[in-house]
1. Counting just the residues of the stretch 1-25 that are modelled with pLDDT of 95 or more and exposed (fewer than 11 other Cβ atoms within 10 Å of the Cβ), which one comes out farthest from the chain's Cα centre (by Cα)?
2. Are there any pairs, at least 6 apart or on different chains, whose C-beta atoms fall under 7 Å, with the first in the stretch 47-62 and on the phi < 0 side of the Ramachandran plot and without any contact (Cβ under 8 Å) to a residue 40 or more places away in the chain and the second loosely packed, with under 13 Cβ neighbours inside 10 Å and part of a strand (DSSP E or B), and if so, which?
3. Where residues in the stretch 98-117 are at pLDDT below 85 and surrounded by 11 or more Cβ atoms within 10 Å (Cβ to Cβ), which of them is farthest from residue 29 (Cα to Cα)?
4. Filter the stretch 26-45 for residues that are surrounded by 19 or more Cβ atoms within 10 Å (Cβ to Cβ) and farther than 21 Å from residue 93 by Cα; which is farthest from the chain's Cα centre (by Cα)?
């Protein structure tokens, strides 16, 4: 895994993820996902993010198979930081929230509590 993402790749990936991606933090684990039927696009995103890929098959009639690229944890934070300058305001706010929470968790300043079952 490279520590840096080329500027052109970061700008391209930010544009893709700003429109089609998901930045979230389930159970305190930062995650970036993109899911679409354009396999070449998802494979390029996965390569840039150093992400894993998997297929989702919908067996209903006339549905295309979807490919998902996903990265989590410290790698997701690395990618989020690289993309931040190119994201729109809503995604920038979400990414900043995730990066800040992850830094606080890593430093021991906060603990994420799971809701009681």
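The values are calculated or read from the model by the stated rules, or taken from the named source; none is laboratory data. These numbers were taken from a predicted model, which means no experiment stands behind them. Quick reminder, even Gly has a Cβ in these numbers, built from the backbone with ideal geometry, and neighbours come from all protein chains shown.
1. Looking at the filtered set, the residue picked out is 8.
2. Hits for this filter: zero, empty list.
3. Within the stretch 98-117, the match that is farthest from residue 29 (Cα to Cα) is 110.
4. Filtering first and then ranking leaves 42.
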